[in-house]
Every structure is written in structure tokens, then in C-alpha cells.
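Here the structure comes first, spelled out in C-alpha cells, and everything after it is commentary.
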Amino acid sequence: MNKNIKLAVAGAVLALSASASAGIIIPAGEWTMDINGNVNAFANWTKAKGPESSGNNVITGGEVPARQAHEDNIIGINTGLLPAWLGFTGTTRQNDLDVSFTISMQPNVSDNFSHGDAKTPLNRQAFVTFGDKSWGSVKLGKDIGIFASDAILNDMTLLGVGAGAATSGNPTTLGGIGFGYIYAGWKGQVSYTTPNFNGFQATVGITNPNQASGATLAAASAVYQERFGLEGKASYAFGADNFSGKLWVSGATYEIQQTTTVANSATAADIGATINAGNVGLTGYYYRGDGAGTTVFGGNGATTTGVKRNSDGGYLQATYKLPTNTKLGIAYGQSSLDRAGGDENTLVKENTRITVGLYHPLTKHLNLVAEYNDTSSKNHFNVERTANTGSLGAILFF
């Protein structure tokens, strides 16, 4: 199983008993091929509450959908937070170097069109690595971002649904994205990871510029950038007997070119910890940003004139393994965004989420998932809309 699928499974082991086993291994001369991935699907029922989106009831940057005039119930069969995945990883040892490549694609389950052919696959990975355990490794290509990656990989809804099921037809749901952490995204990068020093490890890298999102960035891709984005993280993992855990910090800084005349810097940093003691798992996470916005990096992070907004958020999560091997989990997350000078009160003030989930390993590779999510979006007028979502489904790894 390729590195990030392994991380995804390992990160979500607090919520499931799935093992991070390898995929389909095929020896091929000097190479070893690993064909791996997952298939998941969930039936979702959402009841949306609150005013329709108009006037002061608009919530710019809110992640809970507005109630429609003709309906307040939304149903769908969707992929969860983790998309269906098909990955190919090749590894070899040559000239005292460990060399590997990974290419993957992510087909979609969610599609509300009658013919069912409207959604194209995502392509989240295409990278090469080389290195040695004595001095570390270098990665070149497209992979998950460095900043905030541990936040999503330790979110129990990674193998479920979380928030966002009401936006049926999207490639994936949101999980806790925008409800406690900023999305790490999938980015072109050149990064270096140190060797593992008795549990301590660090990664630093440059990424494609303009790794930000928002209404003011429509023409940003055509604007020259003077520097790459910079991202980095450090972590310490520990364990003994039935006790284990991990501490991490990460950060990112970008120059965001909003228009041909307006540019500013955006920075963010976070800290997190996860601890497992017997049948109990606990995770805590917090981030703060200046111009980094909410949900996706740079999303609504500044006004159209370049005045930056402050943001912060985090989540708390607890799981318990029942005698049936079913994991019971509960999580609370919130992302907040401050106004800048002259801002409209319709800007999102906070997105919050409460998740209760049951995650049962039916077999070594197949897990049944049931979740209930209570989500809320509120603007600076304190106008609020909410959504209650129940989800039932399964995820299979190979």
C-alpha cells in the first residue's frame, strides 16, 4: 500500500481496526510493484435548517448548505472524505539508494446526473522519491501538502463521511475540513524528510505558488509569482506496551497574488497530539492563520483590497474500542474567521461540527461505518444555518 494510503489508514486507526497492510505485491525484475487502494460508498440523509440564502442571511464561506425553498431534506449516495483510490507504487534499491514512484487516481461514486458519467477521476499523486535511511529522502512531484496533513490523517471521519454530505454530487465529503482544520490539499512539491531519530522526524519543502483559493483569485494563475510556497513540519512518535502517541507541529507561508495589483503574504501554524492507551484514543489539534483564511488555504483570507483576516480553529476527538472490536468515536471541531476593516457582516464567523461514529471491522479489510453529524455555519450577523446528517456505508482497502 503506498505511503499516503498507509498514513491514511494508520491515522484513522483510532476510529477503525483496519490494518495498514500492503496491497497486491508483484515482483517485476529489479522492481516491486504495489497495487493498492480502497472503495467506499455511503448513503446519506441530511435535514437542513435555517433561512434561505439571501440578504443578511448569506454566509460567505459557510460550509453548511442553505435550505432550499422547495426542500429541506437532501439525500445522496456519496464517496466519503477519503475518495475511492487506485494507486501504483514501484520500489527498488539501486546504487545504495531507495527509489520509488507513485501514481494514483481517485474515481468518484458521487454523481447525480441521469447518465452517471459526469464526474471525472481525480489525480492526486504523481511523485518520485529517493534516499536512504542514513540521510533521509527527497520527494519530487504531486502529493498531499505538508502543513495540516497530520490533522486530516488523524481525523476519525477519514474513513467515514463527516461534514459535507449534503452537497451531494461533489467528489468527496468534507469530514472535518473547514470544521477544525484547513485542508492540506494535493500540491506539486520538492521536499526533504530527515531520517527517523528515535521517533523524531521533520519535513520541509517548497510547493507550487498560488496554492490558495477564493473569489479574488480567479486570475491569479496568470500572475507571476516571485517565490514558491514554503511548508514544513516536525513530529515525535513514541510508544511502549499498550501506550503510544504522536506530537506534531507544522506551518506554511505563501505569497498570495489576489489580482494583478494586490498581493499579500499568508501564514499559518498548528500543533497537535494523539495518544492511544489500551482501548482509548484521544486527539487534540489547534491552528492559527494570518491571511490563511478557512477551509482551504487562502480561502476568504483577505479582502479584495488585500487586508488580511485572522483565523483559528481546532478539534477534539475521543474513541473507545468496544468488546465487539467496534470503535465508538465522538469529535467536536470549529473553524473561525475574523472580519477585517470594512468587511461585510455576511462573512462566515464560524463553522462547527459534532460527529458521533461507529466503525466496525467486518473483515480484515472491510469496515462498516455509521455516523451522525450535526454541523452549523454562522455569519457575523449571527445568522445561523444547520444540518443534521446520518450516514451508513462501508469502506474496503486492498
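The values are calculated or read from the model by the stated rules, or taken from the named source; none is laboratory data. Since the structure is predicted, the reported quantities are computational estimates derived from the model, not experimental observations. Cβ placement follows ideal geometry from the backbone for every residue including glycine, while neighbour counts extend to all protein chains displayed.
Structural remarks
- Candidates in region 40-65 are the residues that are at pLDDT 85 or above and in a loop (DSSP other than H, G, I, E, B); of these, the one that is surrounded by the most Cβ atoms within 10 Å (Cβ to Cβ) is 64.
- If the condition is being assigned to a strand (DSSP E or B) and either of a type in the set (Gly, Ala, Ser) or over 23 Å from residue 229 (Cα atoms) (or both), then region 267-281 contributes 268, 269, 272, 273, 274, 275, 276, 277, 280, 281.
- Of all the residues in region 275-293, those that are at pLDDT 95 or above and within 30 Å of residue 262 (Cβ to Cβ) number 5.
Here's the yes/no breakdown for (1) crowded, with 17+ Cβ neighbours inside 10 Å; (2) among the hydrophobic types (A, V, I, L, M, F, W, C); (3) free of Cβ contacts under 8 Å to residues at least 24 places away in the same chain:
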site: 323; (1), (2), (3): no, no, yes
site: 331; (1), (2), (3): yes, yes, no
site: 342; (1), (2), (3): no, no, no
site: 359; (1), (2), (3): yes, no, no
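- Selection status of residue 267, β-branched (Val, Ile, Thr), in contact with a Gly (Cβ under 8 Å, 6 or more places away or on another chain) and either over 29 Å from residue 358 (Cβ atoms) or at pLDDT below 95 (or both): yes
- The numbered conditions (1) charged (D, E, K, R); (2) within 20 Å of the chain's Cα centre (by Cα); (3) modelled with pLDDT of 75 or more are all true for residue 6 except (3).
- Failed condition for residue 156, given (1) crowded, with 23+ Cβ neighbours inside 10 Å; (2) at pLDDT below 95: (2)
- The lone criterion from (1) farther than 25 Å from residue 60 by Cβ; (2) modelled with pLDDT under 90; (3) under 19 Å from the mean Cα position of the chain (by Cα) left unmet by residue 213 is number (1).
- So residue 314, is it modelled with pLDDT under 95 and of a type in the set (Gly, Ala, Ser): no
- Applying the criterion of being assigned to a strand (DSSP E or B) and among the hydroxyl-bearing types (Ser, Thr, Tyr) to the residues of region 282-313, the residue that is surrounded by the fewest Cβ atoms within 10 Å (Cβ to Cβ) is 286.
- Just so you know, in region 364-387 the residues that are at pLDDT below 95 and more than 27 Å from residue 339 (Cα to Cα) include one that is surrounded by the most Cβ atoms within 10 Å (Cβ to Cβ), and it is 365.
- Unmet criterion (only one of (1) of a type in the set (Val, Ile, Thr); (2) modelled with pLDDT of 90 or more; (3) under 30 Å from residue 323 (Cα atoms)) for residue 32: (3)
- Region 216-264 - residue that is at pLDDT 90 or above and basic (Lys, Arg) and, of those, nearest to residue 195 (Cα to Cα): 233
- Qualifying residue in region 166-179 (condition: among the aromatic types (Phe, Trp, Tyr), modelled with pLDDT of 95 or more and in contact with a Lys or Arg (Cβ under 7 Å, 6 or more places away or on another chain)): yes
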